[in-house]
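The next block holds one structure in the form of structure tokens; read it before the comments.
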Amino acid sequence: MIKRILIVDDSPIIHTLLRKTLEKHDFEVCGDAHNGREGVEMYKELKPDLVFMDITMPIIDGLEASKLIKEYDGQAKIIMLSAMGDDDIIGQAEELGIDIFLKKPFDEYKIISAISKMI
Amino acid sequence: MDKKFYQPFCRSTKDIIKEMAGIEIEGMESMEEEEGEISSMGVSSIITFAGTRKGRLLVDMELGLALYLANTILGEAYTDAMDRMVLSTVSEINNIVSGNAITSLNNSYSMDLRLAPPVVFTGQDMVISIPKINSLSSQGYTEYGKISINVAWEGGNK
């Protein structure tokens with residue numbers, strides 16, 4: 001069964017690059033959210049198998065959005081994909097139950113390896 | 001503010017552009033005092049960050065370089081630097097450069113800095129006025145055009 005992935009990032013180029021990589025490897029991008037609030041709403045509506053979540057976004061950031069998604073669905077699988085990556089922010093993500101934290105920029109190998117550990 | 005709070009942005013700009021687009025930036029080894037106005041070379045992006053201090057990074061580049069970066073990173077053939085995806089590429093490069101530099105500052109000096117979403121704008125010879133704040137600039141050169149960065153911290157350069 002094709003795995004369905006939701007992308008939450010405020011940058012159009014990240015959506016484009018991720019979609020190219022994911023579709024090349026036969027994943028379905030089931031939704032494109034451009035801020036944390038949209039990400040939470042789309043998660044509830046689409047029930048994806050996995051979420052790629054940015055941190056720095058308008059309205060609500062990726063950490064807050066991940067917290068809300070995890071409260072709604074404790075089994076939610078989220079990969080953080082951020083330009084930020086200091087020890088404190090990684091610690092906050094771990095506390096939320098985020099298993100994988102990737103730093104931008106990314107390449108195909110990084111993305112596919114991370115997915116294979118999650119689903 | 002000590003130069004050690006500015007230098008990571010030069011290193012990060014060179015590293016990230018090389019990693020994302022495979023091109024070397026010549027120069028951009030040191031930073032010089034900038035006062036008053038900056039005249040944009042074509043496409044500019046500003047990102048602010050705040051924690052124990054507040055600051056911002058301005059990345060400015062020539063139109064040809066912006067187009068080359070967008071076309072290389074996205075595998076497309078844009079010809080208009082005003083295209084939303086070209087502007088978005090410059091904006092995301094600024095985001096990643098800043099994220100990389102402030103990650104290093106946070107880990108080294110516990111500055112607790114967090115980024116705000118970047119802003120991008122275009123217009124050759126547009127004047128960017130930055131009154132009442134001292135900042136440092138650095139110029140770099142690529143075969144596709146010039147790039148400069150300007151870093152400012154609240155409280156100035158001392």
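Below is a table of values for the structure above.
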quantity: Residue check for B:ASP15: away from every other protein chain (no Cβ under 11 Å) and either surrounded by fewer than 24 Cβ atoms within 10 Å (Cβ to Cβ) or assigned to a helix (DSSP H, G or I) (or both); calculated: no
quantity: Selected residue [away from every other protein chain (no Cβ under 13 Å) and open to solvent by less than 40 Å² (accessible area, probe 1.4 Å)] from A:ILE100, A:ILE119; calculated: A:ILE100
quantity: Enumerated strands (runs of 3 or more DSSP E) restricted to the stretch B:84-158, each holding at least 3 residues that are under 25 Å from A:LYS103 (Cα atoms); calculated: B:145-153
quantity: Residue pairs meeting the criteria (Cβ under 6 Å; at least 6 apart or on separate chains; first more than 12 Å from chain B (Cβ to nearest Cβ), in the stretch A:50-67; second polar (S, T, N, Q)); calculated: A:MET53/A:SER66
quantity: Residue match in the stretch B:18-25 (condition: surrounded by 15 or more Cβ atoms within 10 Å (Cβ to Cβ), closer than 21 Å to B:LEU136 by Cβ and among the β-branched types (Val, Ile, Thr)); calculated: yes
quantity: Residue list for the stretch B:67-103, restricted to those being more than 8 Å from chain A (Cβ to nearest Cβ), touching a residue at least 40 places away in the same chain (Cβ under 8 Å) and small (Gly, Ala, Ser); calculated: B:ALA81, B:ALA101
quantity: Residues that are farther than 12 Å from A:ILE14 by Cβ and aromatic (Phe, Trp, Tyr), drawn from the stretch A:42-65; calculated: A:TYR43
quantity: Residue among A:GLU45, A:GLU108, A:GLU95 that alone is open to solvent by 20 Å² or more (accessible area, probe 1.4 Å), under 20 Å from B:ASN107 (Cβ atoms) and more than 12 Å from chain B (Cβ to nearest Cβ); calculated: A:GLU95
quantity: The stretch A:57-72, residues that are open to solvent by less than 50 Å² (accessible area, probe 1.4 Å) and either of a type in the set (A, V, I, L, M) or touching a helix residue (DSSP H, G or I) at 6+ places or on another chain (Cβ under 7 Å) (or both); calculated: A:MET57, A:ILE60, A:GLY62, A:LEU63, A:ALA65, A:ILE69
quantity: Hits in the stretch A:73-87 - residues which are out of contact with any helix residue (DSSP H, G or I) (no Cβ under 6 Å at 6 or more places or on another chain) and crowded, with 17+ Cβ neighbours inside 10 Å; calculated: A:LEU81, A:SER82
quantity: So B:SER129, is it hydroxyl-bearing (Ser, Thr, Tyr), open to solvent by less than 60 Å² (accessible area, probe 1.4 Å), more than 11 Å from chain A (Cβ to nearest Cβ) and in contact (Cβ under 8 Å) with a residue 60 or more places away in the chain; calculated: no
quantity: Residues located in the stretch B:28-57, provided they are among the small types (Gly, Ala, Ser), part of a strand (DSSP E or B), open to solvent by less than 40 Å² (accessible area, probe 1.4 Å) and within 22 Å of B:ASP125 (Cα to Cα); calculated: B:GLY42, B:SER44, B:SER45
quantity: Filter result for B:GLU35 (within 12 Å of chain A (Cβ to nearest Cβ), more than 15 Å from the chain's Cα centre (by Cα) and of a type in the set (Asp, Glu)); calculated: no
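The values are calculated or read from the model by the stated rules, or taken from the named source; none is laboratory data. The structure displayed is predicted, hence computed values, not measured ones. So basically every Cβ, Gly included, is an ideal-geometry build from the backbone, and we count neighbours across all protein chains shown. Surface areas here come from the heavy atoms of the whole protein model, side chains and all, with no ligands, DNA or RNA. Shrake-Rupley method; radii C 1.70, N 1.55, O 1.52, S 1.80 Å.
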